[in-house]
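These notes concern the structure reproduced below.
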Amino acid sequence: MMSLSQLIKEFGVRKFLSKESLEQMRIMYEDKMLSTVEIGKFFNLSDHTVAVRLKELGVNVTKKRSKKITNRRYFENIDSSRKAYFLGLIVADGSVIFHKNKYAFRIELVSSDDYLIKELVKDLGADESVVKVSQRINRNQTSYVSFGDELFVNDLAKYGVVPNKTFTAYFPDIPSEFYRDFIRGYFDGDGTVYMCGKYVRTAFYGNASIIKAIKNFLMQDIGLSDLTICNRENHVSFHMGSQTVLQRFFNLYYKDSDIYMVRKYKLLAALFSNE
């Protein structure tokens, strides 16, 4: 007489799986990034059967998946200063592309700033080896991470990180306690610290929607005056030159933070090192 497992193998008898087991199967595939083969071994099922049951649950089962990250729902909720900071950095310097009916995420910085990308991939549950280097003619060496993951990309889309976001990015709906972290991340990506004569100045760049929102918040938060927003062909900006305002900006946004772009931190800190 055949055993149950032999009957299943021989005749394709449908093995009963409880709701709890099916949910565990989904979590193993979507959150733990286990393959259908690995899940099949756990439940004593063929990989084909696992794929069928997952599809019945509405899971998108694909042959090839990125295993670069394990914390795929990192941006499901912005509930920490680090998440808010990285979201700001991604809104400024990250991108989502649509190619061959698939969405992929990418963030690229000059290699001298690649420690920020490494911090991000660490939070995403990946190894630093996923960070790659690119060298183009007449350009500084850059470091980047790129991967396709539907859940990750869908979560970012809730905050305006979508294909061709340059002209559509906006200040996201996140808890107000993390506004400063988001703005610091955005400034590290699309802001600058520069010399104007003998004075240090800073500037924020972007589209009209997000730049107006940041300026309005800084007016409330650090006493920024109602500065003129400069319009250019493909972006707008506002520039801060008041030493009092810059000191407030540094003290409130950088001084006691645990994640920031070091070179911008040092430039701002140097302004007040003798005080």
Dividing the surface of the Cα convex hull of region 189-275 by four yields a projected area in nm² of 6.1
Which residue fluctuates the most in the chain, going by a Gaussian network model with Cα springs under 10 Å, if the choices are T62, T166, T142?
T62
The chain, dipole about Cα centre (Lys/Arg Cβ +1, Asp/Glu Cβ -1), debye to the nearest 20
760
Could you run the Debye sum over the Cα atoms of the chain, one equal point scatterer each and no solvent, and tell me log10 of I(q)/I(0) at q = 0.12 Å⁻¹, two decimals?
-0.81
Over the chain, what is the relative contact order in percent, taking alpha-carbon pairs closer than 8 angstrom and at least six residues apart?
16
Counting only Cα, what are the radius of gyration and maximum Cα-Cα distance Dmax of region 187-237, in Å?
11.3, 32
Based on alpha-carbon centroids, what's the gap between region 161-184 and region 82-109 in Å, whole number please?
12
Trypsin sites (Lys or Arg not before Pro) within region 179-208: which are DSSP loop residues with at most 10 other Cβ atoms inside 10 Å?
K198
Lys and Arg at +1, Asp and Glu at -1: neighbours of T166 with Cβ under 15 Å from its Cβ sum to -1
With the calculation restricted to Cα positions, what are the radius of gyration and Dmax of region 143-256 in angstrom?
15.3, 49
Take peptides 18-24, 146-152 and line them up by average Cβ neighbours within 10 Å, highest first, as a rough protection proxy.
146-152, 18-24
If you bin the C-alpha pair distances of region 135-174 every 10 Å from 0, what whole percents do you get?
23, 35, 31, 11
Fluctuation leader among A208, A92, A84 - the chain, Gaussian network, Cα springs under 10 angstrom
A208
Sorted list, accessible surface of protein heavy atoms, 1.4 Å probe, largest first, for D256, D79, D181 is D256, D79, D181
Give me the percent relative contact order of region 130-275, please, defined on Cα pairs under 8 angstrom at least 6 residues apart.
18
Using a/c under 1.5 as the rounded threshold, could you call region 66-121 rounded, prolate or oblate? The axes a ≥ b ≥ c are square roots of the C-alpha gyration tensor eigenvalues, and prolate needs a/b larger than b/c, oblate otherwise.
oblate
Pairs K165/K255; K215/K264; K118/K264; K165/K198: which exceed 25 Å Cα-Cα?
K165/K255; K165/K198
Just flag the chymotrypsin sites (Phe, Trp or Tyr not before Pro) in region 172-275 sitting in loop per DSSP whose Cβ has no more than 13 other Cβ atoms within 10 Å.
F272
If I take every Cα pair under 8 Å that is 6 or more residues apart in region 206-275, average their sequence separation and divide by the length, what percent do I get for the relative contact order?
25
Cut-off 14 Å between beta-carbons: net charge of the residues surrounding N234, Lys and Arg +1, Asp and Glu -1:
0
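The values are calculated or read from the model by the stated rules, or taken from the named source; none is laboratory data. Because the structure is a prediction, the values reported are computed rather than measured. Glycine also receives a Cβ, built like all others from the backbone with ideal geometry; neighbour counts cover every protein chain displayed. Side chains included, ligands, DNA and RNA excluded: accessible areas come from the protein's heavy atoms. Shrake-Rupley method; radii C 1.70, N 1.55, O 1.52, S 1.80 Å.
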